[in-house]
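Data first, discussion second: the structure below is written as structure tokens.
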Amino acid sequence: MDSILVTGNGPLSGQIPIAGAKNACLTLMPATLLSDEPLTLTNAPRLSDIRTMTLLLQSLGAEVQALNDGQVLALSSHALTSTRAEYDIVRKMRASILVLGPLLARHGEAQVSLPGGCAIGARPVDLHLRAMEALGAEMDLRDGYVHAKAPAGGLRGGVVRFPLVSVGATENALMAAVLARGTTVLENAAREPEIVDLAQCLRKMGARIEGEGTSRIEIEGVDRLGGATHRVVTDRIELGTYMLAPAICGGEVECLGGRIDLLQAFCEKLDEAGISVEETATGLKVARKNGRVRAVNVVTEPFPGFPTDLQAQMMALLCTAEGDSVLEEKIFENRFMHAPELMRMGARIDVHGGTARVRGVDALRGAPVMATDLRASVSLILAGLAAEGETVVSRVYHLDRGYEHVVRKLRGVGAKIERIKGE
Ligand code: EPZ
């Protein structure tokens, strides 16, 4: 397994291009199952999760071609050969569950392996199943699979009330509803930019949707959908991650393609911590104002609150802040696994349940550390950029799931970082 060697060094400067959003692309790709006409996605990120979704769609009989070095995905599913999403693919990536809604809507049935848990929590899919039932589907759990069946006449519109905000369940319900007969209302829907992006793509395909980005989305079912070409929205989590590089190291970096509206709550926290964020014609310019980063308190919430996917990276910044910070993780039950690794670098962190208290230290010290999940892996790289000495991050396969060309992008702004080939 490969590892990444980071050597702490001074301020960074230059530009980092931000790619298309992994979590938008992973819900846009299954949308091809809703139509027999071609769907073309541009600004697609080059990530292992995208390759996994490609394999899953191909296993169903869809055609997926990666063009232009993977930045364009040409998809079509005019002749599906299966409605079964196998365990050996689903267990690698939870987002596989997002084929459930489209398969039910267009093909009337689906057999999708239960994803199983992952490092950050149990991550059940009960809200996905309840949403499908609200649209008339019968759901039967057996032998580790969800066996879903639409009524003879197809899914029918209904009211889907989410007891808690779920990004994936909102996406599944949205994709199921666009071909259901009649009107569907999603209440307490997730408001993430990735859902807005999905709705905009579905609308280009002929869907009738109103209210995306709010907690109430209304869908008027149509008989069929056409094809479309759609540009994947900028990845706000990659954006926030790279904004933290100059924050933790000092210097000034422009994140190309960055937009403040994607990360309002996060940018407000950076401002509170003494980091300046300036909108430019080509993105967001980030610099650490004079002196040390100030301690701030963070609570993760559904959009438009502070994103859980930036909690680990923010913790790395706060490890060297002046003062004590408290981070509350309200979305997942086990998302502090980066804390013990940061403590190996000299961070002072007390974790109790969903709350982590970070007492700022003057400097972190490089150490061998281990990535435990996607966002934790990049949090350790950020810490290594600011630490004295060398940090070796192992198990970087986590990183390849969600960050393209990390070494190249950080070297481009002066970081001392390299990838070491493992056996
Ligand atoms: C999406 O996961 C993202 N993944 C996650 O990003 C992100 O952290 C999460 O949304 C929250 O923003 C993709 O988009 C592929 P949820 P998702 O359903 O949809 C509970 C990353 O690093 N829940 O909004 O799975 C769940 O356990 C990944 O890129 C149920 O109880 O998240 C969690 O506690 C990590 N039952 C909470 O809701 C359900 O049926 C929010 O989960 C579904 C979810």
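The values are calculated or read from the model by the stated rules, or taken from the named source; none is laboratory data. These numbers were taken from a predicted model, which means no experiment stands behind them. Here the Cβ is made from the backbone with ideal geometry for all residues, glycine too, and neighbour counts use every protein chain on show. These area figures cover heavy atoms from the full protein model, side chains too; ligands, DNA and RNA do not enter into them. Shrake-Rupley method; radii C 1.70, N 1.55, O 1.52, S 1.80 Å.
Once backbone amide H atoms are built at 1.01 Å from N, Val233 has Ala21 as its partners under 5 Å, excluding neighbours fewer than 5 places away on the same chain.
When only C-alpha pairs under 8 Å and at least 6 residues apart count, what is the relative contact order of the chain, in percent?
Computed value for the chain: 21 percent relative contact order.
Evaluated with a Cβ-only charge set (Lys, Arg +1; Asp, Glu -1), the chain carries a dipole of roughly 360 debye about its Cα centre, given to the nearest 20. To the nearest 10 degrees, how steep is helix 48-59 against the longest Cα principal axis of the chain, on a 0 to 90 scale? Here the helix axis deviates by roughly 10 degrees. Ranking Phe266, Ala207, Ile16 by Cα position along the charge dipole of the chain, where only Lys, Arg, Asp and Glu carry charges on their C-beta atoms, puts Ile16 farthest toward the positive end.
Every Cα-Cα pair of region 199-314 was included, and the share exceeding 23 Å stands at 42 percent. If you wrap the chain in the convex hull of its Cα atoms and look at it from every side, the mean projected area works out to 18.8 nm².
Normalised per residue, the accessible area of region 226-286 is 32 Å², obtained with a 1.4 Å probe and no contribution from ligands, DNA or RNA. Of all DSSP bridge pairs formed entirely within the chain, close to 70 percent run antiparallel. Between the alpha-carbon centers of region 138-193 and region 346-423, tell me the distance in whole angstrom. Rounded to whole Å, the Cα centres lie 38 Å apart.
Relative to the Cα centre, the charge distribution of region 195-272, modelled as +1 at Lys and Arg Cβ and -1 at Asp and Glu Cβ, gives a dipole magnitude of about 400 debye. Note on the chain: with neighbouring protein chains present and a 1.4 Å probe, carbon and sulfur make up 48 percent of its accessible heavy-atom surface. Phi-derived couplings, Karplus 6.51 cos²θ - 1.76 cosθ + 1.60 at θ = phi - 60°, listed residue by residue for region 325-334: 10, 10, 10, 10, 9, 9, 9, 10, 8, 8 Hz, with x used for Gly and Pro.
Could you tally the net charge around Thr372, taking each other residue with its Cβ under 12 Å from the Cβ of Thr372, Lys/Arg +1 and Asp/Glu -1?
Working: positive: Arg335, Arg375, Arg395; negative: Glu341, Asp373.
Computed value for this residue: +1.
Between the alpha-carbon centres of region 1-57 and region 232-260 there is a gap of 16 Å.
Over the chain, dividing the summed -39,500 (n - 2.57) contributions of all DSSP H runs of at least 4 residues by the number of residues returns a 222 nm mean residue ellipticity of -8500 deg cm²/dmol. Ranking Leu164, Val6, Leu374 by how far each Cα lies toward the positive end of the dipole of the chain (charges on Cβ) leaves Val6 at the top. Relative contact order of region 265-423, taken over Cα pairs closer than 8 Å and 6 or more residues apart, is 17 percent. Close amide H pairs (under 5 Å, H built 1.01 Å from N) link Ala180 with Val222, residues at least 5 positions away or on another chain. Computed from backbone phi, the HN-Hα couplings of region 348-357 come to 10, 10, 10, 9, 10, x, x, 10, 10, 9 Hz, rounded to whole numbers (Karplus: 6.51 cos²θ - 1.76 cosθ + 1.60, θ = phi - 60°; Gly and Pro given as x). Roughly speaking, what % of Cα-Cα pairs in region 258-312 are separated by over 17 Å, rounded to a whole number? Result: 40 percent of Cα pairs exceed 17 Å.
Looking only at Met343, Met132, Met205, which one moves most when the chain is put into a Gaussian network model with springs between Cα atoms under 10 Å? Looking only at Met343, Met132, Met205, the biggest GNM fluctuation is shown by Met343.
For region 22-231, with equal point scatterers placed on the C-alpha atoms only and solvent neglected, what are the log10 I(q)/I(0) values from the Debye formula at q = 0.11 1/Å, to two decimals? Debye output, listed in q order: -0.43.
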